[in-house]
Structures are given as C-alpha cells and as structure tokens.
1. Determine which member of the set Leu173, Leu149 is crowded, with 22+ Cβ neighbours inside 10 Å and under 24 Å from Ala118 (Cα atoms).
2. Take residues that are under 25 Å from Cys144 (Cα atoms) and of a type in the set (A, V, I, L, M, F, W, C) and tell me which of the helices (runs of 4 or more DSSP H) falling wholly in the stretch 1-69 contain 1 or more.
3. Give the residue that is surrounded by the most Cβ atoms within 10 Å (Cβ to Cβ), with candidates limited to residues of the stretch 209-236 that are outside any helix (DSSP H, G or I) and in contact with a Phe, Trp or Tyr (Cβ under 9 Å, 6 or more places away or on another chain).
4. Mind checking which residues of the stretch 147-181 are of a type in the set (Ser, Thr, Tyr), in a helix (DSSP H, G or I) and under 13 Å from the mean Cα position of the chain (by Cα)?
5. Got at least one residue in the stretch 8-16 being surrounded by fewer than 19 Cβ atoms within 10 Å (Cβ to Cβ), touching a residue at least 12 places away in the same chain (Cβ under 8 Å), on the phi < 0 side of the Ramachandran plot and over 11 Å from the mean Cα position of the chain (by Cα)?
6. For residues that are at pLDDT 95 or above and out of contact with any helix residue (DSSP H, G or I) (no Cβ under 8 Å at 6 or more places or on another chain), tally how many sit in the stretch 196-213.
7. Quick check, is Thr178 closer than 21 Å to Ala234 by Cα, of a type in the set (Val, Ile, Thr), surrounded by 16 or more Cβ atoms within 10 Å (Cβ to Cβ) and in contact with a Cys (Cβ under 8 Å, 6 or more places away or on another chain)?
Amino acid sequence: MSPTESQAALVLFSGGQDSSVCLAWALERYGRVETVGFDYGQRHAIEMEARQTVRREIAARFPRWAERLGEDHVLDIRSFGAVAQSALTADRAIEMTERGLPSTFVPGRNLVFLIYAAALADRRGIDALVGGMCETDFSGYPDCRRDTLDAMQGALNLGMDRNFRVETPLMWLTKAQTWALSKSLGGEDLVRLIVEESHTCYQGERDELHPWGHGCGTCPACELREKGYAEWDAAGREALVR
C-alpha cells in the first residue's frame with residue numbers, strides 16, 4: 001500500500017472533463033475519495049446533473065474505484081455568484097474585457113471554492129484538496145495559476161492550523177495530455193465515459209454529441225476540449241503523459 005492509499009482526498013468536482021480526470025487520478029491514489037460540487041448560479045447548471053452521472057458511471061464501470069468513492073457534497077454559494085457576475089452567471093456575451101480577461105472569468109471563484117472545500121475537509125478529516133486547475137491550456141484565469149494556489153494553500157494552513165495540500169495533477173498538462181492521462185488511468189472506457197457523460201460547455205448545450213463530447217462547439221471551453229481531443233487523436237491516442 002502506498003502512503004496515500006491510507007489517506008483521504010476531497011476532489012473539487014464540477015462534472016467537467018478536467019475534474020472527472022482528477023477524480024479518477026485521486027481514486028487511483030487515495031483510499032477514500034469524497035467529492036464536492038458548488039452551485040454558484042452558473043448558467044451551465046447542467047453540470048450539476050452531469051457530475052452525478054459521472055460519479056455513478058465511474059462506480060459502475062470501475063469496481064476497484066467504487067470501493068474508494070466516498071460521499072458527495074453539494075454546497076450552495078449562489079450569493080457569491082450574484083456578487084461576482086460574469087458571462088457564466090449572467091446574460092452577457094463571451095468576449096475579452098477591457099482588463100484583458102475573458103468575460104467568463106468569475107473573480108476569485110477558485111479561491112472561494114478552496115475556502116469552502118477546506119472548511120469541509122477540516123470537518124471530514126481530509127488533508128488533500130484536488131482540483132483541475134491548469135496553467136498550460138486555460139482561458140487566462142489568474143486563479144488557475146500554481147503561484148495563486150500555492151499562496152492560497154499557505155493561507156488556508158495558517159488560517160486553519162492545518163496541513164492541507166492543494167493538488168493540481170493537470171497544472172502543467174495540455175488538453176491533449178489530459179485526454180492521454182484519462183486513458184492511462186482507465187483506458188478507453190474512461191475516455192468514453194468522459195466524452196459521453198462529462199459536461200464542459202459554457203452554454204449548457206447537450207443536444208449534440210461530438211467525438212470529443214457534448215457542447216455548442218463555439219464557446220472557449222468547447223474549443224479547448226475539441227482542440228485537445230483532435231491533437232491527442234492525431235498523435236495516435238497515446239496513453240503516456242510526460
């Protein structure tokens with residue numbers, strides 16, 4: 001048994017591609033894995049349904065992981081979404097703002113998520129907080145940077161007198177490498193699960209299933225997901241990640 005197999009992890013789980021891969025990553029390493037989702041008034045609220053489907057299918061298709069999959073928690077933080085309005089929470093166009101940031105940027109979202117997750121983890125006796133933040137293929141969100149998360153980890157540990165670890169297994173991976181990681185963790189079955197059941201599209205579109213998954217195909221989240229899938233597929237769907 002590896003050292004982490006005797007420990008527990010809490011995955012910040014939206015039901016999207018990245019957090020689904022992070023859930024599989026944590027289930028491969030930790031003896032108990034719980035998940036937490038956040039209802040912040042997001043327009044693509046369909047992800048709240050997708051996350052339950054992904055959890056259920058992971059348990060059904062991967063018996064070894066099913067034994068490790070613990071409780072799911074859903075936290076209502078819609079008051080935060082109302083304050084930090086963006087194109088994800090209000091009827092606004094998806095575009096670049098005068099600050100040079102996408103209008104989909106929800107100010108401080110990951111910081112708020114981590115505060116709530118850490119408070120929950122404290123009560124659950126969990127030290128590892130796992131998130132799908134990525135600095136390689138991302139939309140320019142400053143709260144996805146590892147420097148930001150290192151600072152947040154320090155603040156949480158100082159403020160709560162704990163030894164939390166904010167783990168970001170996708171931080172330095174491209175989207176193509178994230179697809180490769182999913183295959184290395186669970187084979188083509190996990191890839192199919194993520195394609196068919198996870199949800200990333202900002203528009204909440206699930207009418208059409210593309211080779212890379214459901215989505216409008218034009219929002220930034222869909223474009224990143226499609227581009228990464230195409231690159232991975234063109235490379236021969238290799239399972240290895242650098």
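The values are calculated or read from the model by the stated rules, or taken from the named source; none is laboratory data. Bear in mind that the values here come from a model prediction, so they are computed numbers and not experimental data. Note that we place each Cβ from the backbone using ideal geometry, even for glycine, and neighbour counts take in every protein chain shown.
1. When all the criteria are applied, what remains is Leu149.
2. Values: elements: 17-29, 46-61, 63-66.
Filter on the stretch 1-69 gives 17-29, 46-61.
3. Applying the first criterion (outside any helix (DSSP H, G or I)) to the stretch 209-236 yields 209-219, 235-236.
From the residues that got through so far, the ones that are in contact with a Phe, Trp or Tyr (Cβ under 9 Å, 6 or more places away or on another chain) too are 210-213, 215-216, 219.
Numbers: His210: 14, Pro211: 9, Trp212: 23, Gly213: 22, Gly215: 25, Cys216: 17, Cys219: 20.
Going through the qualifying residues, I end up with Gly215.
4. Just the residues of the stretch 147-181 that are of a type in the set (Ser, Thr, Tyr), to begin with: 148, 168, 174, 178.
Now restrict to residues that are in a helix (DSSP H, G or I): 148, 178.
Thr178 - this is the single residue of the stretch 147-181 that is of a type in the set (Ser, Thr, Tyr), in a helix (DSSP H, G or I) and under 13 Å from the mean Cα position of the chain (by Cα).
5. Filtering the stretch 8-16 for residues surrounded by fewer than 19 Cβ atoms within 10 Å (Cβ to Cβ) gives none.
Scanning the stretch 8-16, I find no residue that is surrounded by fewer than 19 Cβ atoms within 10 Å (Cβ to Cβ), touching a residue at least 12 places away in the same chain (Cβ under 8 Å), on the phi < 0 side of the Ramachandran plot and over 11 Å from the mean Cα position of the chain (by Cα), so the answer is no.
6. Total meeting the criteria: 1.
7. Values: closer than 21 Å to Ala234 by Cα: yes; of a type in the set (Val, Ile, Thr): yes; surrounded by 16 or more Cβ atoms within 10 Å (Cβ to Cβ): yes; in contact with a Cys (Cβ under 8 Å, 6 or more places away or on another chain): yes.
Yes; evaluated as a whole, the condition is true for this residue.
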